[in-house]
Amino acid sequence: MLNTITEEAIVIKNGAKTFQTDIENPTYVLKNVDLSIKKGEFYVLLGPSGCGKSTLLNIIAGFLDLSVGELHIVTSREENRDGRGFVFQSADSALFPWLTVEENISFGLKMKKVPPEKRKKIANTFIKLTGLLGHAKKFPDNLSGGMKQRVQLARVLANEPEILLMDEPFGALDAMTRRTMQNELIRIWKETNKTVIFVTHDIQEAILLGQKIGIMSVGPNSRIETAYDVKLPYPRDITSIDFNNHYKQVQTHFEDFSI
């Protein structure tokens with residue numbers, strides 16, 4: 001059973017981002033962005049390629065600063081960035097190939113000087129949670145793409161972030177593995193009650209996963225045009241009439257361009 005969503009975890013007010021400097025009329029990647037995400041919510045950022053979805057996610061992660069506007073992250077941590085975990089699109093670039101699955105998962109804990117016995121216990125917890133039992137001593141090169149993404153997710157979760165940021169993490173997977181990982185992510189989200197912000201340009205994936213979908217406009221000057229509630233129960237059936245009605249409604253926002 002999901003926790004009742006009450007408090008805001010992330011708020012952006014009148015946000016804008018440009019990568020240009022020292023000019024009077026800069027071109028903005030993002031402009032007039034207003035965003036509100038509640039604690040424990042699964043929020044999907046959906047939009048065409050190049051519209052600034054990943055830029056917005058990187059701003060929320062703290063990797064980039066807003067050029068204009070305000071960002072408020074609410075966690076229980078003294079250092080807000082410690083309350084955020086980032087799952088990248090490519091696990092190959094995120095994992096250390098010379099470390100085993102268990103060592104990759106516990107790497108952040110080691111950097112925090114968590115004692116070895118406690119590190120192992122925490123790593124084993126998330127190995128089990130992410131379906132990696134039997135793979136703890138393997139190296140990344142011996143794993144499939146889906147298994148590598150499980151390791152990356154387990155490593156992020158082991159550091160106990162309150163907010164989970166995911167940048168098209170299943171985009172490079174084959175269709176069957178992708179569906180498995182989508183179902184696994186929903187299971188893990190329900191079990192951990194994290195706030196999840198998930199970036200995709202796939203309408204079906206957005207509806208399959210999200211409680212709310214923030215639909216972004218074409219860039220430049222991209223913004224969140226509307227926030228669309230998906231009130232379908234989990235697990236969601238992509239062949240159902242209700243699912244396809246949601247799909248058609250969301251698709252109307254993208255009729256003038258390809259995503």
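Mind counting the residues in region 160-173 that are in contact (Cβ under 8 Å) with a residue 24 or more places away in the chain and over 8 Å from the mean Cα position of the chain (by Cα)? Let's see the steps before the verdict.
Just the residues of region 160-173 that are in contact (Cβ under 8 Å) with a residue 24 or more places away in the chain, to begin with: 161-173.
Going one step further and asking which of them are over 8 Å from the mean Cα position of the chain (by Cα), we end up with 161-163, 170-173.
Looking only at that region, the number is 7.
With the requirement that a residue be more than 13 Å from SER217 (Cα to Cα) and assigned to a loop (DSSP other than H, G, I, E, B), what does region 29-73 give you?
LYS39, GLY40, GLU41, GLY62, PHE63, LEU64, ASP65, LEU66, SER67
All but one of (1) surrounded by fewer than 20 Cβ atoms within 10 Å (Cβ to Cβ); (2) in a loop (DSSP other than H, G, I, E, B); (3) not hydrophobic (A, V, I, L, M, F, W, C) hold for ARG178; state the number of the condition that does not hold.
With (1) surrounded by fewer than 20 Cβ atoms within 10 Å (Cβ to Cβ); (2) in a loop (DSSP other than H, G, I, E, B); (3) not hydrophobic (A, V, I, L, M, F, W, C) applied to ARG178, the lone miss is (2).
Out of all the residues in region 181-208, which are of a type in the set (A, V, I, L, M, F, W, C) and not in a strand (DSSP E or B)?
Within region 181-208, MET181, LEU185, ILE186, ILE188, TRP189, ILE203, ALA206, ILE207, LEU208 qualify.
Scan region 110-128 for residues that are surrounded by fewer than 19 Cβ atoms within 10 Å (Cβ to Cβ) and either within 14 Å of VAL151 (Cβ to Cβ) or not aliphatic (A, V, I, L, M) (or both) and jot them down.
Result: LYS110, LYS112, LYS113, PRO115, PRO116, GLU117, LYS118, LYS120, LYS121, ASN124, THR125, LYS128.
Quick check: is even one residue across region 157-165 in contact with a strand residue (DSSP E or B) (Cβ under 9 Å, 6 or more places away or on another chain), among the polar types (S, T, N, Q) and part of a helix (DSSP H, G or I)?
no
What number of residues within region 107-134 satisfy the criterion of being in a loop (DSSP other than H, G, I, E, B) and within 12 Å of LEU153 (Cα to Cα)? Break it down stepwise before answering.
First, the residues of region 107-134 that are in a loop (DSSP other than H, G, I, E, B): 112-115, 130-134.
From the residues that got through so far, the ones that are within 12 Å of LEU153 (Cα to Cα) too are 130-132.
Selection size over region 107-134: 3.
Rule-based calculations on the coordinates, nothing more; no lab input. Bear in mind the structure is a predicted one, so any value in this text is a computation, not a measurement. FYI the Cβ positions are ideal-geometry reconstructions off the backbone, even for glycines, and counts take in every protein chain you see.
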